[in-house]
1. Starting from the alpha-carbon convex hull of segment 60-109, give the projected area averaged over all orientations, in nm².
2. When the scattering of segment 113-182 is computed by the Debye formula from its Cα atoms alone, each counted once and equally, what is log10 I(q)/I(0) at q = 0.14, 0.21, 0.23 Å⁻¹?
3. For Met202 and Glu70, FRET efficiency with R0 = 22 Å and r from the beta-carbon atoms, rounded to 0.05?
4. Expressed in nm to one decimal, what extension gain is obtained for the pair Ala82 and Glu48 from 0.36 nm per residue of sequence separation less their Cα-Cα distance?
5. Taking square-rooted eigenvalues a ≥ b ≥ c of the alpha carbon gyration tensor, is segment 3-53 rounded, prolate or oblate, where a/c under 1.5 means rounded and, failing that, a/b exceeding b/c means prolate?
6. Please find the FRET efficiency linking Thr152 to Lys41, where r is the Cβ-Cβ separation and R0 is fixed at 45 Å, and quote it to the nearest 0.05.
7. Taking only DSSP H segments of four or more residues, each worth -39500 (n - 2.57), what value at 222 nm results for the chain once the sum is divided by all its residues, to the nearest 500 deg cm²/dmol?
8. Multiply the residue separation of Asp97 and Lys215 by 0.36 nm, subtract the distance between their alpha-carbon atoms, and state the gained length in nm to one decimal.
Amino acid sequence: MSVRIIRHKRRKKAAFYITAEGIELRIPARLSNRVVETILKQHADWIEDRLAALPKAPSLPNDRLRYRGETVSLVRTNTVDAFDYDGTAFRCPDRWDESRIGAAYEAWLRDEALTYVTGRAPHYERLLGVSAARIRIGHQKTRWGSCSSRGTISINVRLMLAPVEVMDYVIAHEWTHLVHFDHSKLFWSTLSSVYPDVDGAMAWLKQYGHTLVVKKTN
């Protein structure tokens, strides 16, 4: 059994979360180790079942990368000087090592994510009658997106590995927070009015979200 314990100053109760790294138990900062051990023992069967049921993150060969729910070929060649994507395959200089490829891949995904989100946002802004103050691309471990009280929206770069409709769900979700800064019934009702398949997208993220892994390089 492998569970990562995360302490938060503002958390009031313990809760389990499925993340890209496995299972986390997020607890109030001052919760005693004895109580933590009790929680783990009480939920031992559930933890083992969840770990066994989780699909494994795909282990791709060095000549494949993930993008928009698909695996795409990576071609190493001396005909290019930078990392790029030609619509069918990724390409990079054949002299690059794995570390440089990983950094270039992450940077490319960030640029693509920002382009996609800024292009897609106006659709939801028209529907909701709002606009974001700022858009940024993050690399969060446990959150797919966030909306600050000042209207800054952050979208996780790892969503570029998911099917595009899942990315759209997170965009719709965060822009809806510009209308309802909570998870009230009104929030979910408004979200469903602009993105009908909320349940489907949430189910996909719950089942496969932990497989969306991009090595963080900075």
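What follows is calculated from the coordinates using simple rules that are stated; it is not laboratory data. Remember, it's a predicted structure, so these values are computed and weren't measured experimentally. Cβ coordinates were reconstructed from backbone atoms using ideal geometry, including for glycine residues, and neighbour counts include every protein chain displayed.
1. If I average the Cα hull's projected area over directions, I get 3.2 nm².
2. -0.35, -0.81, -0.98
3. 0.55
4. 7.8 nm
5. Oblate.
6. After rounding to 0.05, the efficiency reads 0.65.
7. -12500 deg cm²/dmol
8. Value of the extension gain: 41.0 nm.
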